[in-house]
Amino acid sequence: MPTREEVLAELSKVKGPDLEGDIVSLGLVSDVFISEGKVIFSITVPAERAQELEPMRQAAEKVVGKLAGVEKVLAALTSERQGGPGAKAPPPVRPAPAAADMGSVPPPMQRRAAPAAPEQAAKPGVPGVKAIIAVASGKGGVGKSTTTCNLALALQANGLKVGVLDADIYGPSIPRLFRVSGRPEPVSGRILKPLEGYGIKVMSMGFLVDEETPMIWRGPMVISAITQMLREVAWGELDVLVVDMPPGTGDAQLTMAQNVPLAGAVIVSTPQDLALIDARKGLNMFRRVDVPLLGIVENMSYFLCPDCGGRHDIFGHGGARAEAEKLGVPFLGEVPLDMAIRINSDAGTPVTVTDPEGPHAAIYRDIASKVWAEIERNREGGQRAAPRIVIES
């Protein structure tokens, strides 16, 4: 693999804006990340000139791609807040639209919420994928990825063709949950073939970067990586693509809402008040960007003692149901805190696979049925345009 210095040496051959100097000496290159044949970096440009400077970004990718050992190059254009009293932040940059461009980033985020204008065309979905749903949580540690895995398998058990996209760039868990590993093979050009676990097509950053490699990425890199995994994967014909989102309300959520017309979002929370506060933030974020809320799942809802058979509400109980009723969104179901779910998830053998007729699999199938019913109900209103994103500074 090339060193950072070698990458910068190649980038110094790329002329800066207006063909003056080069992008390295002008201090425009930052965040150079090198790992296993991949080189990722960002180039700072004036936001209003992003489309105009797209050829500069492409030239940067091209020169780095010629280095020995480099398999893929991902460059993103970004803009930074200007300093000084009363200075305003420029909007995020917008490269020339290209669905399969590794370096593309979403359109600029707007200052105020507004529905898409009537003349604005609906954003294209992912070819072959009929519906895309996001599984999200306001905080980590609530079992979101486990819920994503078992929800996808339950949707499959209900007769649907399902894929899973692991958009949790910083902590991908889906490869372990589905017990799949290896590198995605190229199909043609930049298009990759997803891996498969239990009959479900799976794509994750965990397949592209070593499990112990920390992902120290800024927003534009996260956006580019998620866009690539959405647009440059041969998903084939799917009824639904389930997306495991990172916890919180950041770049990944905004990217998904802005790049594709989401069929809806599922919020995962535990019953206690602290988790529900964060779950409420996630719900409100999706509402702000006009993504339908398919419902709330209360995970780790209760504990059934295997010895005495008694029920214990370790984290409280019913908080998510009450929150759903309060906010007027569907309550999808309660998943217990159970050793079988934890042990099988850690082993990559989810309960929906190991015990498909058991009580836990039945809970997930019921949740899956409710989710799909909500998607079908929302479809009756016709195809929706992807929303414009709101950022309040």
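The values are calculated or read from the model by the stated rules, or taken from the named source; none is laboratory data. Not measured: the values here are computed from a predicted model. Calculation scope for accessible area: heavy atoms of the full protein, side chains included, ligands and nucleic acids excluded. Shrake-Rupley method; radii C 1.70, N 1.55, O 1.52, S 1.80 Å.
Surface exposure of the stretch 4-79, expressed per residue as accessible area with a 1.4 Å probe, stands at 46 Å². Put the Cα centre of the stretch 1-15 next to the Cα centre of the stretch 323-361 and the gap is 49 Å.
In the structure shown, do any of K66/K193; K161/K370; K38/K66; K326/K370 have a Cα-Cα gap over 21 Å, and if so which?
In this structure, K66/K193 exceed 21 Å between Cα atoms.
As a fraction of the 1.4 Å probe accessible area of the stretch 4-79, surface on carbon and sulfur atoms comes out at 52 percent.
When the surface is traced with a 1.4 Å probe over the full set of protein chains, E61 keeps roughly 20 Å² accessible. Accessible surface for L67 stands near 30 Å², nearest 10, in the context of the full protein assembly shown (1.4 Å probe). Close amide-amide hydrogen proximity is noted between V233 and L192, each under 5 Å apart and 5 or more residues distant or on a separate chain (H modeled in the peptide plane; Pro and chain starts excluded). Put C308, C149 in order of accessible area, highest first, and with a 1.4 Å probe you get C308, C149.
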